[in-house]
Every structure is written in C-alpha cells, then in structure tokens.
Amino acid sequence: MYPKFQISGEAFRALGLKMKILITVFFSCLLIWSIMLLPFSNNFNNQLLDVTTNVESKESETPTDKLIGGLLTADFDEGSCSSRYQKTSLYRKPSPYKPSEYLVSKLRKYEMLHKRCGPGTEAYKKATEHLVHDEYYGSNGECRYIVWIAGYGLGNQLLTLTSAFLYALLTERIILVDQRKDINDLLCEPFPGTSWLLPLDFPIVKQIDYGYNKEYSRCYGTMVNNHAINSTSIPPHLYLHNLHDSRDEDKMFFCQKDQSLIDKVPWLIIKSNVYFVPSLWFNPTFHTELVKLFPQKDNVFHHLARYLLHPTNQVWGMVTRYYHAHLSKVDETLGIQIRVFRQDAGYFQHVMDQVVGCTQREKLLPELATQEDSKFNISNTPKLKSVLVTSLYPEYSDNLKNMYWERPSSTGEIIQVYQPSGERVQQTDTKAHDQKALAEIYLLSLTDNIVTSARSTFGYVAYSLGGLKPWLLYQPTGDATPDPPCVRSKSMEPCYLTPPSHGCEADWGKNSGLIVPFVKHCEDIMYGGLKLYDEL
C-alpha cells in the first residue's frame with residue numbers, strides 16, 4: 001500500500017503563487033532573449049539575401065546569346081527543336097566568331113523568300129506544273145529552286161547540304177531537300193513558317209533516282225560538251241553532277257559566264273558529295289557578295305552550319321545525356337576522331353602509335369610517368385581530362401584507356417577515355433546509325449581541342465561546327481606511322497577534296513593562291529584539295 005498524502009488549502013494557495021511567479025519569469029526571459037536574437041536573425045537573412053542576389057547578378061552579367069548574334073531567328077517554338085537554342089547557350093562556349101550584320105540580314109530576307117515560294121504555296125504549285133510539262137516559263141519575278149539529293153555518308157551530306165544552301169543564298173533560289181532517306185529524323189526545319197522538305201509527290205523524283213548521272217542529256221556538263229545550251233535554249237531544269245568523279249565541264253557551273261545561263265533555269269537538281277564552297281569565291285559576282293557575308297574567310301561553314309543544322313530532339317537527347325555523364329564536370333576535354341581509309345579497315349598498331357604520338361607531341365595528352373616520376377606527382381586535387389574518341393573500332397579507345405589506367409601520367413592528370421559507339425561497319429542511311437553518328441559529331445564539336453583524321457568529312461563537320469582549328473592526322477602510307485604524325489590547321493574550314501583543275505578564266509587549280517590569296521591547298525591532302533584561310 002502506498003502512503004496517503006494530504007495538503008492543506010493554505011499550502012495549495014502558496015504553491016500556486018510560486019508557479020505563477022516562475023511562469024512569469026520564464027516568459028519574461030524568453031521575450032528578452034527573442035529581442036536579443038532579432039538583430040542576428042535579420043542580419044543572417046540579409047546575408048542570405050545578399051548571397052542570392054549576388055548569384056543572380058553574376059548570372060545576369062553573363063547572359064546567354066541563344067540567337068548567336070542574330071544568326072538565328074526567334075520565330076520558333078523552343079520545345080519543338082531543343083537543340084536550336086540550347087546548343088550555344090547551354091553547352092558550348094561562346095564563339096569568338098561573330099556573324100556579320102550583312103549575313104544576318106541576308107538570312108532574314110531568305111526566310112521571307114522561302115515562305116513565299118516553299119512547298120504548299122501557289123508559286124511552288126505553278127513552278128511544278130511547268131516542270132511536269134517540261135516548259136520554260138522565264139525567271140523574271142518567279143521563284144527558282146535548287147533541289148538537294150542526299151547521297152554518300154553523313155559527313156558528306158552535311159557538307160554538301162550547307163554548300164548548296166550557300167549557293168541558294170547567293171543566287172536567291174529556294175533550297176528543297178530530299179526527305180526520302182532519314183534527313184527528317186536527323187535535322188529540324190531551319191526556316192520558320194515553312195518547310196525545306198521536297199514533297200514526296202515531286203513530279204520527277206523517280207527520274208532522279210535512275211536517270212540522273214553525268215550521261216543524262218540535261219546534265220550541265222554533258223550539255224556543255226554537246227553545245228546544247230545557250231541563251232536561246234534554256235531548259236526548265238538542269239542536273240548538276242558535283243561528285244568526286246565530276247568532269248571539269250560539270251564544274252564549270254561555278255563560273256560567271258556559265259552562271260549567266262544557269263541563272264535563268266527555274267529548277268536545278270544537284271547531287272554532290274564534296275564541300276564545293278571554295279570554288280564559289282572564284283566567280284567575281286559571288287566573290288563580291290561573299291566578302292560582305294563573311295569578312296573572316298575561314299568561318300563560312302561555322303556560321304552556316306550553326307544556322308542550318310539543328311539535331312532533332314531524339315538526337316539532341318543522345319548528345320545531352322552523354323555530355324552530362326562524361327564531359328560536363330571535368331577541367332578539360334579532348335576529341336579524337338579516327339577514320340581508317342583502307343579496304344581492310346580496322347585496328348592497326350601504326351594508327352594507334354600515330355594517335356598517341358600526335359596527342360603527346362602536341363601536349364594534348366600527357367606522357368606516361370616513369371616509376372621515379374610517379375613519386376612526385378601525387379596530388380589531392382589532380383586535373384581531370386575527358387577524352388572522347390569516335391571510331392568504328394573500339395580498340396583504339398580501349399588501348400588509350402588502358403594506357404592511362406595502368407600507369408599514372410607524368411603531369412599527375414587523371415585521363416578518362418570514352419567512346420559512345422563502335423559499330424565496326426558504316427551503315428549509311430540506316431536511321432539509328434545516322435542518328436548516333438550525328439550525335440557523335442555534335443559531341444566532338446563541344447570539346448576544347450580536337451584531333452581528326454585526314455580527308456574525313458565526319459571530322460571536317462565536327463571541328464568546323466565547333467569553331468575549332470584541329471590537329472589533322474596525316475593519312476598513313478602502307479603500315480608506316482607518318483612522321484610527323486599530325487599538323488595543326490590554320491583554318492577551321494572543311495577541305496574541298498576534288499576541286500576542278502580549271503578556274504573558269506584562270507588556271508587556279510595550280511595557282512589558286514595567286515588569284516585568290518585566301519584559297520590554298522589543304523594541309524592534310526598531298527595533292528589537290530582547296531580550303532579557305534583567313535590568314536594570308
């Protein structure tokens with residue numbers, strides 16, 4: 001049994017009084033403490049506000065130029081093609097190469113022209129009706145067209161598409177692109193309020209596939225040989241054969257005298273697999289316009305590609321996911337593109353030696369440390385470099401990765417090596433393959449430095465798109481590693497691999513530098529090949 005406790009009324013009243021006094025004292029102390037804390041709290045909140053404001057102000061100090069100096073128009077819904085505005089504003093360092101005001105103005109005028117003459121318009125309908133009836137209807141005040149037919153590998157296609165667009169810009173023609181392969185799965189529409197896709201019911205599309213070659217009677221080179229074209233016999237359409245096997249007569253279409261005739265032809269159909277932009281500068285009429293469009297001669301493709309070539313959301317998703325996973329949080333990035341031009345292409349030790357020799361000789365990658373060196377290169381915060389390798393063959397990146405995994409670098413840098421794909425066989429015109437290839441081109445263009453294989457159009461697109469002057473790997477002879485293994489290009493322009501041996505009224509195939517000083521031979525081509533340089 002617990003004992004019983006009793007308390008008198010007087011004692012209870014005394015206890016209650018004491019409790020009231022304690023409670024009063026407690027709340028008084030709490031009030032005083034709150035008053036003392038108030039300045040500290042306000043000061044902390046003010047400091048937090050200052051930090052937030054500083055962060056916002058720092059971000060506002062470096063605004064992103066999503067329109068690239070006016071190169072792009074703001075007339076698109078951003079969600080429909082995320083890459084259009086993101087690729088420069090979020091993923092690539094600002095380019096030091098600014099588009100000229102004249103180029104920006106020219107592009108806006110072209111967009112208006114394309115909207116007036118593109119597919120679905122009354123002008124396009126009338127133009128195709130005349131084409132069906134094979135009748136010439138004059139060119140004054142009418143819309144004129146150049147139809148680009150896709151062919152060969154993706155690098156070739158992007159180079160020729162851009163070349164054809166520049167030609168359209170210079171001649172005020174509407175460019176329409178063949179959509180029967182996978183161009184619509186690779187690139188977004190570049191012109192607002194209209195389409196650049198050649199309609200599938202284009203009247204002569206079947207003839208183009210089977211009858212358009214250099215023997216075709218409407219092929220311009222053949223008509224020149226046969227003296228079948230003059231100012232009184234203008235056909236409604238012409239085929240331009242601008243491939244690696246073109247004759248000099250086919251390449252005459254660049255010339256001023258020939259352009260005076262071609263300019264009157266309503267429809268041009270072009271097949272090409274070469275970057276023919278350098279030859280446009282040898283036409284005096286084009287030359288005058290080109291100088292105003294591109295005051296810096298070696299950034300023609302850089303500007304046009306950023307305007308014209310926007311990966312679809314599916315392709316851009318591949319780019320951004322891989323970029324964030326492997327390239328975004330490192331101190332430096334290096335792109336290496338390896339193409340082997342042999343029938344028995346694959347992994348070759350002499351090519352591997354060439355890649356290692358070039359990157360280490362040019363200080364793009366560190367040499368491996370000796371046992372003695374490794375004692376002195378231990379750092380708690382080593383520099384981190386990501387190397388992105390693109391090749392059909394994964395052995396090149398595997399060997400490079402093992403090199404820097406098994407032994408430390410002489411500089412203490414940590415080298416990470418990645419390769420998105422290694423499919424061994426080029427599968428041109430296969431949708432999934434081409435989408436991966438385009439994603440890899442864009443990933444290469446986002447690197448800080450780049451090494452590419454000689455004569456590779458894939459590499460040409462990547463470094464020029466990124467505004468990078470590449471290190472070019474010389475093409476090996478036999479199984480020997482070239483010495484030196486590579487050369488730093490002075491230009492970021494692609495190379496015109498098979499230029500004509502004539503220059504219209506001048507023999508510029510041999511003496512191009514004397515006629516137009518900024519068109520010179522390409523560093524990675526032993527014979528032939530022309531390229532634009534800004535430095536004289």
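The values are calculated or read from the model by the stated rules, or taken from the named source; none is laboratory data. All values reported here derive from a predicted model rather than from experimental measurement. Cβ placement follows ideal geometry from the backbone for every residue including glycine, while neighbour counts extend to all protein chains displayed. Accessible surface is based on the protein model in full, side chains and every heavy atom, while ligands, DNA and RNA are left aside. Shrake-Rupley method; radii C 1.70, N 1.55, O 1.52, S 1.80 Å.
A few points about this structure:
- Residue count for the stretch 205-230, restricted to those that are crowded, with 16+ Cβ neighbours inside 10 Å and in contact with a Ser or Thr (Cβ under 9 Å, 6 or more places away or on another chain): 4
- Residue satisfying condition, being open to solvent by 20 Å² or more (accessible area, probe 1.4 Å) and among the small types (Gly, Ala, Ser), within set GLY155, GLY151, GLY120: GLY120
- LEU240 vs. criteria crowded, with 21+ Cβ neighbours inside 10 Å, among the hydrophobic types (A, V, I, L, M, F, W, C) and in contact (Cβ under 8 Å) with a residue 12 or more places away in the chain: yes
- Pairs, first at positive phi in the stretch 252-277, second polar (S, T, N, Q) and part of a helix (DSSP H, G or I), C-beta under 6 Å, six or more apart: none
- Candidates in the stretch 45-91 are the residues that are at pLDDT 90 or above, assigned to a helix (DSSP H, G or I) and open to solvent by less than 40 Å² (accessible area, probe 1.4 Å); of these, the one that is nearest to LEU438 (Cα to Cα) is SER83.
- Single residue of the stretch 249-288 satisfying the filter (open to solvent by 50 Å² or more (accessible area, probe 1.4 Å) and among the charged types (D, E, K, R)) that is nearest to the chain's Cα centre (by Cα): ASP263
- Screening TYR124, TYR167, TYR152 for residues that are on the phi > 0 side of the Ramachandran plot and either hydroxyl-bearing (Ser, Thr, Tyr) or assigned to a helix (DSSP H, G or I) (or both) leaves exactly one candidate, TYR152.
- Count of residues meeting criterion [within 20 Å of VAL277 (Cα to Cα), open to solvent by less than 10 Å² (accessible area, probe 1.4 Å) and hydrophobic (A, V, I, L, M, F, W, C)] in the stretch 289-345: 9
- Residue match in the stretch 119-140 (condition: under 18 Å from SER233 (Cα atoms), modelled with pLDDT of 95 or more and assigned by the TED database to the domain that holds LYS181): no
- If only residues of the stretch 500-535 that are assigned to a loop (DSSP other than H, G, I, E, B), in contact with a strand residue (DSSP E or B) (Cβ under 9 Å, 6 or more places away or on another chain) and open to solvent by 30 Å² or more (accessible area, probe 1.4 Å) are counted, the one that is modelled with the highest pLDDT is GLU523.
- The residues listed here are GLY221, GLY211, GLY193; of these, the one that is small (Gly, Ala, Ser) and on the phi > 0 side of the Ramachandran plot is GLY193.
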